Amino acid sequence: MGVFASLGERLNHIFSKLTKRGKLTELEIKQAMREIRVALLEADVNYAVAKDFIQKVTDKAIGEKILESLTPGQQVVKIVHEQLIELMGSTNAKLAVAPNPPTVIMMCGLQGAGKTTMCGKLAYMLKKQGKKPLLVACDIYRPAAIQQLKVVAQNAGVEFFEKGTISPVKIASEGVAHAKKMGYDTVILDTAGRLHINEELMQELQQIQKTVAPHEILLTVDAMTGQDAVNVAQSFDEKLNITGVILTKLDGDTRGGAALSIKAVTGKPIKFSGIGEKVGDLEPFYPDRMASRILGMGDVLTLIEKAQQAVDEKEMKKMEEKLRKNAFTLEDFLTQFEQIGKMGNLADLVAMIPGASKLKMGSIDEKQIVRYKAIIQSMTIAERQNPDIIKYSQRKRVAQGSGTTIQEVNQLLKQYEQSKLMMKNLNNHKLGRMLMGRKMPF
Amino acid sequence: MGFFSKILEGLKKTKQAFQNKIKYIFTKNEIDANFYEELEAILLSSDVGHTATDRILEELKQQVKQKKLKNAEETKNVLKDIMVSLLEENELAPFTYPCILMVVGVNGVGKTTTIGKLAAQFTKQKKNVVIAAGDTFRAAASEQLAVWADRSKVKIVKNSAGADAGAVVFDAIQSAKAKQADVVIVDTAGRLHNKSNLMEELKKIDRIIQREYPQASYHKLIVLDATTGQNALEQVEVFDEAIGLTDIVITKLDGTAKGGVLLSLAAEYTLPVRAVGVGEGVEDLIPFSAKDFVDSIF
């Protein structure tokens with residue numbers, strides 16, 4: 001299953017016998033849909049949902065005119081892609097706001113979906129928006145769950161409320177009362193993970209719902225969930241009438257077909273997705289990106305966005321200026337290294353492309369960057385700006401000061417000279433373009 | 001009997017509601033395209049995956065032809081046998097003592113809970129257990145593990161949050177040697193398998209164990225969540241490449257997920273399944289039985 005043998009390519013193979021352009025015929029569409037079905041199943045879209053979806057797309061595609069600019073394969077992918085986006089709904093990352101605060105948000109989901117982590121992320125986001133959220137610990141079952149929420153709250157810089165292991169219904173109502181009294185405008189209830197078929201625990205959630213009347217009931221779902229996603233989502237929705245869904249662990253390389261399944265069976269919007277382990281790693285749900293992912297086309301948009309973030313444009317402009325004046329010093333060399341260091345995150349991001357984890361990324365050795373940094377920082381300002389003055393005794397001193405060896409210092413200086421030479425040879429125009437990141441290496 | 005009898009007590013009714021729709025298929029008589037299509041639906045909806053499903057059905061069709069089977073009822077056992085033999089290809093190495101178990105997996109699959117159950121079960125067999133709280137990353141992970149350790153009165157070696165996991169494992173091994181413990185269980189931080197730096201940390205722990213405790217039999221267990229779909233394949237592949245896995249533990253089989261991805265895995269890897277998690281109680285970790293597992297799908 002090569003990632004780069006994309007769905008489009010595979011489909012083109014089907015259409016390769018097609019000589020004359022024109023309308024897509026029923027037979028060709030059928031063959032193509034078989035490929036699409038496999039793609040959806042490999043992405044963990046529920047088989048019934050996939051079947052339904054294929055039917056809809058087939059109806060739509062038959063008789064569709066092939067656009068001049070596209071190959072038949074691309075054309076089909078385009079139709080499928082559009083339909084996926086349509087099905088997964090528009091971006092709707094807004095949380096309900098209660099007319100009379102506090103707004104109450106109840107989190108729910110299976111064990112290990114990532115509820116507690118997500119509570120912290122939501123609280124952090126709300127805080128950044130100028131709100132005053134309160135995290136309430138209603139998971140009295142899992143060992144140390146309360147402690148975990150407490151740490152999560154600290155990391156997010158928000159307040160935390162607990163009542164030990166008394167009844168979760170009571171904790172919820174006391175938490176909301178506490179928020180009212182103390183002027184918190186949003187309450188986030190962290191509930192215990194539970195199976196959707198555990199009637200007793202589902203009743204507990206219904207009790208909380210009855211008691212505190214949450215404005216949002218958000219189902220947290222692991223993006224790696226397989227076929228069972230429909231059963232889980234349907235059960236939670238039937239019992240609680242959820243208001244939305246949060247997908248977690250989208251920083252993995254899963255294709256996340258669960259998103260489509262859940263939307264198809266509940267009709268409820270997917271509001272956010274968790275994209276990392278840090279408290280700020282939360283973003284609105286983008287149906288278009290999800291559609292690309294499900295089709296195995298990778299989340300290329302996010303990738304490009306992050307790449308642009310990693311390359312600091314201002315820094316690059318400055319560098320360009322310096323190079324033009326041929327004033328590229330060791331300090332600049334260091335800055336450049338740090339930029340590459342930031343691109344290390346990029347390697348992680350590339351791994352988000354489904355299947356890309358199998359590819360060996362030429363990873364940048366972060367330790368090496370730290371050593372180089374130490375070497376350069378052990379030099380005097382004069383030495384950094386004019387490396388020519390660094391002779392043997394200086395090298396010895398620098399090596400000692402940075403805890404490295406003379407060989408390493410030599411190596412660094414050699415690399416510096418090489419890059420300087422290389423950059424001189426590049427003409428300014430080309431270099432500028434390259435540095436501005438307009439021409440990405442992939 | 002059978003390992004699902006226990007969970008079925010509590011969750012029988014609700015769980016059955018999900019299963020009823022597939023029960024009737026073998027009661028129909030004819031073996032036709034429709035029949036195979038319905039079988040395919042069952043396998044796919046159990047997360048067996050597209051490739052493995054195709055393989056299983058191909059094999060079934062062949063055997064139906066060979067054995068000249070005429071009605072659907074007869075195919076049921078043939079199909080089950082195909083699936084069971086696929087799962088039983090890989091044999092489990094029994095525990096010999098002293099042993100060390102490293103438990104790995106992505107976030108939220110139930111590593112800590114599994115370790116708690118393992119510790120309790122070893123203790124019950126009068127084994128002396130040391131737990132290494134190697135998850136120094138997730139908030140309150142070692143506290144969660146400490147609660148489990150306390151329940152079965154087992155020694156736990158931990159360090160403050162953010163500390164080096166390798167150091168914790170090192171200390172635990174020294175402690176186990178000094179106390180002549182039978183079993184060391186190493187918890188590790190949940191990590192998405194595409195985070196290369198975290199995988200490096202795991203390799204380091206692996207090296208420490210091999211260097212410091214060569215006399216112990218060494219098991220590397222990957223914990224998989226039964227709810228997970230085809231991504232489990234990628235998980236196994238990447239962890240296996242990093243440290244070389246020996247066993248699988250599959251958790252959360254008490255829900256409505258079938259964990260059919262084990263069949264996808266069996267088709268591609270030679271990893272045996274050691275145990276199955278079916279609940280939150282200490283005793284809810286039971287030895288894997290391919291037969292019971294396949295029965296639960298149909």
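A few remarks follow.
- From the list B:Lys124, B:Lys153, B:Lys117, the one residue that fits, being charged (D, E, K, R) and crowded, with 17+ Cβ neighbours inside 10 Å, is B:Lys117.
- Residue list for the stretch B:145-202, restricted to those being at pLDDT 90 or above, in a helix (DSSP H, G or I) and among the hydroxyl-bearing types (Ser, Thr, Tyr): B:Ser175
- In the stretch B:142-153, the residues that are at the interface with another protein chain (Cβ under 9 Å from one of its Cβ atoms) form Cβ pairs under 6 Å with partners that are part of a helix (DSSP H, G or I) and at pLDDT 90 or above, at six or more places apart or across chains, as follows: B:Glu143/A:Gln147; B:Gln144/B:Thr112; B:Leu145/B:Thr112; B:Trp148/B:Gly116.
- Residue under evaluation A:His81, criteria (1) within 25 Å of the chain's Cα centre (by Cα); (2) outside the structural domain of A:Ala39 (by TED's automatic domain parsing), criterion not met: (2)
- If only residues of the stretch A:40-57 that are under 27 Å from the mean Cα position of the chain (by Cα) and outside any loop (DSSP other than H, G, I, E, B) are counted, the one that is farthest from the other protein chains (Cβ to nearest Cβ) is A:Phe53.
- The residues on offer are A:Val169, A:Val176, A:Val136, and the sole one that is within 24 Å of B:Glu280 (Cα to Cα), assigned to a helix (DSSP H, G or I) and aliphatic (A, V, I, L, M) is A:Val169.
- From the list A:Lys131, A:Lys170, A:Lys180, A:Lys127, the lone residue that is of a type in the set (Lys, Arg), more than 14 Å from every other protein chain (Cβ to nearest Cβ) and without any contact (Cβ under 8 Å) to a residue 24 or more places away in the chain is A:Lys170.
- Applying the criterion of being more than 7 Å from chain A (Cβ to nearest Cβ) and surrounded by 24 or more Cβ atoms within 10 Å (Cβ to Cβ) to the residues of the stretch B:223-248, the residue that is nearest to B:Ser85 (Cα to Cα) is B:Ile248.
- Verdict on A:Pro99 being in a loop (DSSP other than H, G, I, E, B), within 14 Å of another protein chain (Cβ to nearest Cβ) and not aliphatic (A, V, I, L, M): no
- The one condition in (1) in a loop (DSSP other than H, G, I, E, B); (2) closer than 13 Å to B:Val104 by Cβ that B:Glu280 fails to fulfil: (2)
- Any hit, the stretch B:98-112, residues being among the charged types (D, E, K, R) and crowded, with 23+ Cβ neighbours inside 10 Å: yes
The values are calculated or read from the model by the stated rules, or taken from the named source; none is laboratory data. These numbers come from a predicted model, not from an experiment. Cβ atoms come from the backbone with ideal geometry, glycine included; neighbour counts cover every protein chain shown.
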